[in-house]
1. If a residue must be at pLDDT 95 or above, in a helix (DSSP H, G or I) and not hydrophobic (A, V, I, L, M, F, W, C), how many such residues does the range 37-47 contain?
2. When you look at residue 173, is it in a helix (DSSP H, G or I), within 26 Å of residue 64 (Cβ to Cβ), open to solvent by less than 60 Å² (accessible area, probe 1.4 Å) and out of contact with any Ser or Thr (no Cβ under 6 Å at 6 or more places or on another chain), yes or no?
3. Enumerate the pairs (first residue in the range 69-80 and more than 14 Å from residue 143 (Cα to Cα); second residue anywhere and of a type in the set (A, V, I, L, M, F, W, C) and open to solvent by 10 Å² or more (accessible area, probe 1.4 Å)) with beta-carbon separation below 6 Å, excluding pairs fewer than 6 apart on the same chain, so at least 6 apart or on different chains.
4. Write out, first by first residue and then by second, each pair whose Cβ atoms fall under 7 Å of each other, whose residues are 6+ apart or on separate chains, and whose first residue, in the range 100-122, is on the phi < 0 side of the Ramachandran plot and part of a loop (DSSP other than H, G, I, E, B) while the second is open to solvent by 10 Å² or more (accessible area, probe 1.4 Å) and among the small types (Gly, Ala, Ser).
5. Would you point out the residue of the range 43-75, among those that are over 30 Å from residue 116 (Cβ atoms) and polar (S, T, N, Q), that is surrounded by the most Cβ atoms within 10 Å (Cβ to Cβ)?
6. Just to verify a result, which residue in the range 11-36, among those that are at pLDDT below 95 and assigned to a loop (DSSP other than H, G, I, E, B), is least open to solvent (accessible area, probe 1.4 Å)?
7. Kindly provide the set of residues from the range 76-105 that are open to solvent by 20 Å² or more (accessible area, probe 1.4 Å) and within 21 Å of residue 52 (Cα to Cα), ordered by number.
8. For the range 117-129, enumerate the residues that are under 13 Å from residue 77 (Cα atoms), over 12 Å from the mean Cα position of the chain (by Cα) and open to solvent by less than 20 Å² (accessible area, probe 1.4 Å).
Amino acid sequence: MRLLAISGSLRCASTNTATLKAMALLAPPGVHFVLYDRLASLPHFNPDLDRADAPRLLPREVGELRENVRRSDGVVICSPEYAHGVPGSLKNALDWLVGSIEFPQKPVALINTSPRAVHADAQLRETLTTMSASLIEAASLTVPIEGKARDRDTHAIVSDLALSEKLGAALLTIVAAIQRA
């Protein structure tokens, strides 16, 4: 099984990216957890370039994103909240997936690393529902990783028993939901 992980943060020392890397280490046998690291390379969304009658106009980076989604059995998104909203780079990526055939009904789980980040989480849920994603509510969770220096350390997250149990349980829930579908 292949899970595509997308961090909404472009920061080098990102709590969200560290959390996804921790999930990769916690993934059960048989689960290939792939971190999408090309968010910053996506061009600004332009519907003039996303036309079925002119597929050669689609930017190469967008085609690669869509191929990553197509090859994945599910998607895990972990995103910060900026100014009470979804980071523009993540929203841009989602906008490129709106017109794709790869994304509708794709199982998606949301991991929120801050209990205070309620606005971005709500916006992501609204956007993903509109995009016809299959949200896995039982695997979508908020874990209290508040962005302290140790929280940007993947191994510190894995070593924290409470955090690793929650993230591991979310992974098992994702796998089970995909297998049932």
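The values are calculated or read from the model by the stated rules, or taken from the named source; none is laboratory data. Owing to the predicted nature of the structure, the values given are computational and were not obtained by experimental measurement. So basically every Cβ, Gly included, is an ideal-geometry build from the backbone, and we count neighbours across all protein chains shown. Side chains included, ligands, DNA and RNA excluded: accessible areas come from the protein's heavy atoms. Shrake-Rupley method; radii C 1.70, N 1.55, O 1.52, S 1.80 Å.
1. 1
2. On the way: in a helix (DSSP H, G or I): yes; within 26 Å of residue 64 (Cβ to Cβ): no; open to solvent by less than 60 Å² (accessible area, probe 1.4 Å): yes; out of contact with any Ser or Thr (no Cβ under 6 Å at 6 or more places or on another chain): yes.
So residue 173 does not fit the description; no.
3. Once the first residue is more than 14 Å from residue 143 (Cα to Cα) and sits in the range 69-80, its partners that are of a type in the set (A, V, I, L, M, F, W, C) and open to solvent by 10 Å² or more (accessible area, probe 1.4 Å) give 73/1; 73/178; 74/178.
4. Listed pairs, sorted by first residue: 103/133; 104/132; 106/133; 106/134.
5. 68
6. 14
7. Hits for the range 76-105 are 92, 95, 98, 99, 101, 102, 104, 105.
8. 120
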